[in-house]
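The values are calculated or read from the model by the stated rules, or taken from the named source; none is laboratory data. Predicted, not measured: the structure shown is a model, and the values here were computed from it. So basically every Cβ, Gly included, is an ideal-geometry build from the backbone, and we count neighbours across all protein chains shown. Areas reflect the complete protein model, heavy atoms only, side chains present, ligands, DNA and RNA absent. Shrake-Rupley method; radii C 1.70, N 1.55, O 1.52, S 1.80 Å.
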Number of protein chains: 2
Amino acid sequence: MTVSQLHKARYAYIPRFPAILDEPIESIAMQKEQETASIANTEEIQPLFPHIYGKPVVHFVKGTAHIDKKPLRVGTILSGGQAPGGHNVIAGLYDGLQKANPNSKLFGFLGGPEGLVIGRAIEITGAIIEKYRNTGGFDMIGSGRAKIETPEQIAGAVETVKRMELDAVVIIGGDDSNTNAAVLSEYFVQQGIATQIIGVPKTIDGDLKYDMVETSFGFDTATKIYADLIGNIARDANSAKKYWHFIKLMGRFASHIALECALRTQPNICLISEEVAEKKMTLQQITDIIADAVVKRAVRKENFGVVLIPEGVIEFIPEMKQLIKELNEAMAQHADTFNTLETFKQQKAWVAQHISPESAALFASMPEDIAAEFLTDRDPHGNLQVSRIETEHLLIGLVTKRLAELKKEGTYTGKFSAQAHFFGYEGRAEFPSNFDTDYCYALGRTIFVLIANGLTGYLASVYNLTAPPAEWKPCGIPLTKLMDMELRSGKKQPVIKKTVIDLNGKPFKTFAAQREQWAVETAYIFPGPIQYFGPSELCDILSKTLLLEHEERIHP
Amino acid sequence: MTVSQLHKARYAYIPRFPAILDEPIESIAMQKEQETASIANTEEIQPLFPHIYGKPVVHFVKGTAHIDKKPLRVGTILSGGQAPGGHNVIAGLYDGLQKANPNSKLFGFLGGPEGLVIGRAIEITGAIIEKYRNTGGFDMIGSGRAKIETPEQIAGAVETVKRMELDAVVIIGGDDSNTNAAVLSEYFVQQGIATQIIGVPKTIDGDLKYDMVETSFGFDTATKIYADLIGNIARDANSAKKYWHFIKLMGRFASHIALECALRTQPNICLISEEVAEKKMTLQQITDIIADAVVKRAVRKENFGVVLIPEGVIEFIPEMKQLIKELNEAMAQHADTFNTLETFKQQKAWVAQHISPESAALFASMPEDIAAEFLTDRDPHGNLQVSRIETEHLLIGLVTKRLAELKKEGTYTGKFSAQAHFFGYEGRAEFPSNFDTDYCYALGRTIFVLIANGLTGYLASVYNLTAPPAEWKPCGIPLTKLMDMELRSGKKQPVIKKTVIDLNGKPFKTFAAQREQWAVETAYIFPGPIQYFGPSELCDILSKTLLLEHEERIHP
């Protein structure tokens, strides 16, 4: 295997982690807080998890623990989209296991949760670990998006853990995977299966955040990559002075990525989906916000700019949600008629008669090529594939149209030319930043301690992250504590609740206090690429989100 | 101005440069080689540049120089697309000027060559220089794509240099800008205008390469950024195992960027425009090469991959060139009829009757949405805007179609799902790599020495770049030496010749020797982001292209 110079150098990096986790396992004492309740809907959630509900948060301090140091057999799963640092969670877990008992074994399920269901696994040996320490990607064992929900899937998982005689299964994943972990844990306890289940908060989206879970891993690295690229584009824009760059950023549900990138780079505009929903903004209002900045900057002869767009923003615009719903219904009901229509003109006229006047007006206001996407990008059930709508092009089209109107009115005399970008995949498999490298390794070591203490249905966490890593605090949080009931495919289900941007929180308010200035002035900041070696002030930069939320905790 | 931590740290970086350039100007002796001839067409080019043609290449060594250390007044222009390091060319020039005589003055023309024509300039003071040392972008004075060609433009330039009493004008730009520099230099000498003209080889595309010009600045940084992102996407692909990523890379004319990125990351496929042209490849052949790799990897259960596509490849496919030409002619001749056609179906039928059967067959073979682009993306003269054709989507469409055929034939049973990317702007304004930081600063110091020695019509160059910077060799190369005659808008003109990939050169051959293996196996390398601080083996990585071409010079 040929590896790059940086790859080689990263192998030699020694992650920093909480001092307490470096103690022998028999010197790490577990302290229990009081019993916990779910975030909301306790009366509905408690009965669904009679065996694992309400357990205490646990902390670890120096002391004495009576731990059976028998060899353990642990399986691990990487679930869902890649996030930088996943390999180090596994490396930390491996080191923890080996340190306590070199006869312990770690297994990796291949291709995500499906690996557990069908029993496809490899032993993760020391030799494998050495090839993946401090690296990005999930390629050590692959990932997948399958769930473990149906009776058949659960039966498969049961068979696998029994056959492999696993003491524990670690699910490294997002909200859905951790929900899965809770369900599986409850089921195992109920069935008298001794295999413990531990979850880990993974997602570049940054929307797994709770008391004592300060960030999900991967967010730090991914946002640093996007912010670097945004800074470069902003600098390019300010050099060429001829393009407005519309940059869509991964993150369908929450806008933490966009907000963090905005705080790091100070673009002219950054849309925040949570605000769009809260203020019930219309597509026209969003268009006007951007067009207004274009007009004001044109007065300064600055016919260029940068707009950040969270991937999912379109689904947060109430009138768009309504339009999408009506289109889905109309096209599902009359699929046969619709399919006979040859031209977009005919389709458009037909649509206008089958949806509400408000939705028809909105549909008519959209640029034709994007409106056409609304009719063609359909899944086998006839539903619009919202994630395929090119929001960045939609907004460019609408802003172009609006500016033409303003030009006619004589209130705009600038030039407008736009470029569209989408940043996503390039941020998910990078070598983790030192922060994510350390954080993930610490999570891995924490998982081992949770397992050694016999816990199940817990999320591994490490907090106090603004302090030096030696002072970080490992803990275990009952998964049910993070749950709420939500409608999923028309059914109310218990789920690990995602944390969206708090519009009263310090990160958003810090942004909101400056954005009017950024909209008009050229206030770009250029973060540059992630640095791994060199002075600490370059290599250990914490995310703005983490720092601002920390300040808020200290000075609410 | 708020700056990032890395930005602040880069201010403190001290560029390394040839030891000879650190001598006082009176100790830098100029050595002349013999007279030079243009690359080709000497009999046509010589008469066009009677005053500046054929001058010798000049080198600089320790010795004695009789240099009038009078204060100089120098103007500089940043021309064309951004390339990391431009600011350091200016910083090096500034330091050279100041060291020889603190009363010298440096001016910057705003917004590219137009600034010279209309006389829009600022004095580049020490305070300004300090704000831009070692940074990316061209935002110190902006850039532009205007030319200085028409009599009016040249008259404007003359007026400006006279009014500002400039001893020299430095044009930092690509092939066209350096052609401009030669024309202006010749004109000035002919007219008895004492202002010297010096050019500098700038372009991320890497296609300004000649004897003693080993690379253009910006290529190193830009390719490192793209290679980092490609590596990330490759690692993501190898983790999720479900997408083929089609990545288009900036560089319309030459494929140096794609080749360098391929050598750094070992993707499954990398198209090389020069090879496509040389082998007269068809669109179907290119499609088959990709489809073949998809099929072979599917057998290995690897339904994912990475394909690199040079931005301009479509223009190098002979049959596509022909199709574009015929479409342009047909639509120009019958614009009125064509514009009455409402549906793409009608347009397609009409087109089929107005172009050759071969071109019509090719047009019919393309996916409809891309074929439609060929008819709609037209400039005001009715010509196709080739740069707007989404080659990555075209190839995805064709490969999808081909795989469906193979599936029917029973020779392919895999899954194919693709993602498209375009990397360009994000690589042009990054903080220059240490190499580009040093190289550009050295170029700037060299420019000063060329000016001090009274030269005009010269390109500043620094070579021996695989040695430590102290041993790099500054020189001046007559611009006419780099010229050839080319057809431009139907007129034969003298131009600085671009250097395309040599299919017999070591970079291409190194790639070609391994690509069949890369196509099938998963041999990705993950370069990681540019490192500026830390061990030299991470921070001073030279481009593969530079290293391989150096090896070739030593062992041809």
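Please go through segment A:238-255 and give me each residue that is open to solvent by less than 10 Å² (accessible area, probe 1.4 Å) and more than 8 Å from every other protein chain (Cβ to nearest Cβ), ordered by number.
Within segment A:238-255, A:Trp244, A:Phe246, A:Ile247, A:Leu249, A:Gly251, A:Ala254, A:Ser255 meet the criteria.
Which ranges mark the helices (runs of 4 or more DSSP H) fully within segment A:326-397 that have 1 or more residues being closer than 23 Å to A:Ser273 by Cα?
In segment A:326-397, A:357-365, A:368-376 are the helices (runs of 4 or more DSSP H) which contain 1 or more residues that are closer than 23 Å to A:Ser273 by Cα.
Just to check your reading of the model, which residue among B:Lys481, B:Lys473 is open to solvent by 70 Å² or more (accessible area, probe 1.4 Å) and either within 19 Å of B:Lys202 (Cα to Cα) or touching a helix residue (DSSP H, G or I) at 6+ places or on another chain (Cβ under 6 Å) (or both)?
B:Lys473
Do we have A:Glu486 as assigned to a helix (DSSP H, G or I) and without any contact (Cβ under 8 Å) to a residue 40 or more places away in the chain here?
The answer is no for A:Glu486.
Which members of segment A:543-556 meet the condition of being in a loop (DSSP other than H, G, I, E, B) and open to solvent by 20 Å² or more (accessible area, probe 1.4 Å)?
Of everything in segment A:543-556, those that are in a loop (DSSP other than H, G, I, E, B) and open to solvent by 20 Å² or more (accessible area, probe 1.4 Å) turn out to be A:His555, A:Pro556.
Would you pick out the residues in segment A:522-542 that are more than 7 Å from chain B (Cβ to nearest Cβ), under 14 Å from A:Leu263 (Cα atoms) and open to solvent by less than 20 Å² (accessible area, probe 1.4 Å)?
Once the filter is applied, which keeps residues that are more than 7 Å from chain B (Cβ to nearest Cβ), under 14 Å from A:Leu263 (Cα atoms) and open to solvent by less than 20 Å² (accessible area, probe 1.4 Å), segment A:522-542 yields only A:Tyr524.
Per-residue answers, yes or no, for (1) in contact with a Ser or Thr (Cβ under 8 Å, 6 or more places away or on another chain); (2) farther than 30 Å from A:Cys261 by Cβ:
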residue	(1), (2)
A:Lys296	no, no
A:Glu311	yes, no
A:Glu326	yes, yes
A:Thr337	no, yes
A:Leu341	no, yes
A:Lys345	no, yes
A:His354	no, yes
A:Phe363	no, yes
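When you look at A:Asp228, is it in contact (Cβ under 8 Å) with a residue 12 or more places away in the chain, touching a Pro at 6+ places or on another chain (Cβ under 7 Å) and surrounded by 24 or more Cβ atoms within 10 Å (Cβ to Cβ), yes or no?
Yes: the conditions hold for A:Asp228.
In segment A:448-475, how many are within 16 Å of A:Glu186 (Cβ to Cβ) and part of a strand (DSSP E or B)?
Final tally of qualifying residues: 2.
Listed residues A:Ala512, A:Ala460, A:Ala519; which is more than 14 Å from every other protein chain (Cβ to nearest Cβ) and closer than 30 Å to A:Ser27 by Cα?
None of the other options fit; the residue is A:Ala460.
Just to be sure I understand the filter: pairs with C-beta atoms under 6 Å, separated by 6 or more residues or on different chains, first member in segment B:335-350 and within 13 Å of chain A (Cβ to nearest Cβ) and touching a residue at least 60 places away in the same chain (Cβ under 8 Å), second member in a helix (DSSP H, G or I) and of a type in the set (A, V, I, L, M). Which pairs pass?
none
So how many residues does segment A:446-470 have that are over 23 Å from A:Leu547 (Cβ atoms), in contact with a Leu (Cβ under 8 Å, 6 or more places away or on another chain) and open to solvent by 20 Å² or more (accessible area, probe 1.4 Å)?
Qualifying residue count, segment A:446-470: 1.
In segment A:168-223, which residues are of a type in the set (Phe, Trp, Tyr) and open to solvent by less than 20 Å² (accessible area, probe 1.4 Å)?
A:Phe188, A:Phe217, A:Phe219
Quickly run through segment A:406-430 and pick out the residues that are over 27 Å from A:Val169 (Cβ atoms), of a type in the set (A, V, I, L, M, F, W, C) and surrounded by 22 or more Cβ atoms within 10 Å (Cβ to Cβ).
A:Phe416, A:Phe423
Looking at segment B:9-67, which of its residues are within 14 Å of another protein chain (Cβ to nearest Cβ), part of a helix (DSSP H, G or I) and of a type in the set (A, V, I, L, M)?
B:Ala9
Return yes or no: is B:Gly144 open to solvent by less than 20 Å² (accessible area, probe 1.4 Å) and in contact with an Asp or Glu (Cβ under 6 Å, 6 or more places away or on another chain)?
In short, yes.
Could you grab the pairs with beta carbons closer than 6 Å, sequence gap of 6+ or different chains, first residue in segment A:1-24 and within 22 Å of A:Phe533 (Cα to Cα) and not assigned by the TED database to the domain that holds A:Pro474, second one outside any loop (DSSP other than H, G, I, E, B) and among the charged types (D, E, K, R)?
So the pair list comes out as A:Gln5/B:Glu537; A:Pro15/A:Asp438; A:Arg16/A:Asp438; A:Phe17/A:Arg445.
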